[in-house]
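**Q** The structure that follows is given in the form of structure tokens.
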Amino acid sequence: MADIVLLIIELVFFTLGVMTVLTTLKDWKLTRNRILIAISIYLVVVLGKSINDIVIYLFDLDIEIIVAGGLTIGLIIGFLLFAIQLEFLFYLKHLPKLYTLPFFCSFFLALGRVLVDSSMPFIIYAMIVSYGSAYYLIKDGRKSRNGLAIGMGLFFLIWGLGAQFQINIVLLSFKLVAMVALLLGTRGFYEKYVVVNIEEEQKVIETWIARLVVKE
């Protein structure tokens, strides 16, 4: 029964992820903004991991492919995701000199996992990347009224919080909420309902009041 619930949540997560990718690709065709391609690639990797999880839940498998030492395929995918995440942040911060840093960090952390079977370095690295990226993206997104940045920030933050739990149902629930937050970001939800331009709204109110006064 538990596996059925996990499967359903994972399927919903995957469906929302596909919808998000289709939206970012559609926006890319209109704007040709390269960052949308980067987000799409990131999500494709996430969805690849999701497909693997769906297969495990569907056929009741418990497979963890070990590459060497304590390094598994799942960890390699995790390192790749965090590398792309940092690349995304450095791109937004206009720091081209740091573009190679995420891959060096991932390589040496993966090598360390081969030599020493400890998950603590990966956990610390994941927390720094997730929370650091989330803080900057949400803060900058609110300032610039960029709903996509807010959505990405919430995605990293919520997923990062969920990753602190070792219970599958809790982690999957956080993942699902994170994907919903990102999907809303790609659909213009935050610009319309969250980060409303206060100055523009004030002008509209003043114009409306002025018209009422004239009519009276």
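**Q** Would you mind finding the one in Ser144, Ser133 that is loosely packed, with under 14 Cβ neighbours inside 10 Å and out of contact with any Cys (no Cβ under 6 Å at 6 or more places or on another chain)?
**A** The conditions single out Ser144.
**Q** If you don't mind, another one. In region 7-38, which residues are outside any helix (DSSP H, G or I) and surrounded by 15 or more Cβ atoms within 10 Å (Cβ to Cβ)?
**A** none
**Q** While we're here: Would you point out the residue of region 180-192, among those that are farther than 12 Å from Phe156 by Cβ and among the hydrophobic types (A, V, I, L, M, F, W, C), that is surrounded by the most Cβ atoms within 10 Å (Cβ to Cβ)?
**A** Looking at the filtered set, the residue picked out is Leu184.
**Q** Please state which one of Val55, Val67, Val5 is over 19 Å from Met179 (Cα atoms), modelled with pLDDT of 80 or more, over 21 Å from the mean Cα position of the chain (by Cα) and aliphatic (A, V, I, L, M). Don't jump to the end; show me each part of the working.
**A** On the way: Val67 fails: modelled with pLDDT of 80 or more; Val5 fails: over 19 Å from Met179 (Cα atoms).
Answer to the check: Val55.
**Q** Another question about this same structure. Scan (1) within 30 Å of Ile8 (Cβ to Cβ); (2) modelled with pLDDT of 85 or more; (3) of a type in the set (A, V, I, L, M, F, W, C) for the single condition Trp28 breaks and write down its number.
**A** For Trp28, the failing item is (1).
**Q** Can you find even one residue in region 84-92 that is loosely packed, with under 15 Cβ neighbours inside 10 Å and either closer than 25 Å to Gly141 by Cα or at pLDDT 85 or above (or both)?
**A** no
**Q** Next question, about the same structure. Would you point out which residue out of Ser133, Ser118 is touching a residue at least 40 places away in the same chain (Cβ under 8 Å), in a loop (DSSP other than H, G, I, E, B) and among the polar types (S, T, N, Q)?
**A** Matching residue, one of Ser133, Ser118: Ser118.
**Q** Can you find a residue in region 39-47 that is of a type in the set (Gly, Ala, Ser), farther than 26 Å from Lys139 by Cβ and in a helix (DSSP H, G or I)?
**A** No - not one qualifying residue is present in region 39-47.
**Q** To continue, here is another question. Quick one: count up the residues across region 1-43 that are farther than 19 Å from Leu81 by Cβ and among the small types (Gly, Ala, Ser).
**A** Qualifying residue count, region 1-43: 1.
**Q** Could you give every pair whose Cβ atoms fall below 6 Å, whose first residue belongs to region 161-172 and is closer than 19 Å to Ile8 by Cα, and whose second residue is small (Gly, Ala, Ser), counting only separations of at least 6 or pairs across chains?
**A** Between residues of region 161-172 that are closer than 19 Å to Ile8 by Cα and residues that are small (Gly, Ala, Ser), the close pairs are Leu171/Gly162.
**Q** While we're looking at this one, here's another question. Any residue at all in region 187-207 that is out of contact with any Cys (no Cβ under 7 Å at 6 or more places or on another chain), within 30 Å of Cys105 (Cα to Cα), at pLDDT 85 or above and in a helix (DSSP H, G or I)?
**A** Within region 187-207 (the criterion being out of contact with any Cys (no Cβ under 7 Å at 6 or more places or on another chain), within 30 Å of Cys105 (Cα to Cα), at pLDDT 85 or above and in a helix (DSSP H, G or I)), the answer is no, since none of the residues qualifies.
**Q** Using beta carbons and a limit of 8 Å, which pairs, at least six apart or on different chains, have the first residue in region 7-32 and farther than 27 Å from Phe59 by Cα and the second one at pLDDT below 95 and outside any helix (DSSP H, G or I)?
**A** Thr23/Arg187; Asp27/Asn33
The values are calculated or read from the model by the stated rules, or taken from the named source; none is laboratory data. Predicted model, so just to flag it, every value in this text is computed and none were measured. Heads up, the Cβs are rebuilt from the backbone with ideal geometry, glycines too, and the neighbour counts pull from every protein chain shown.
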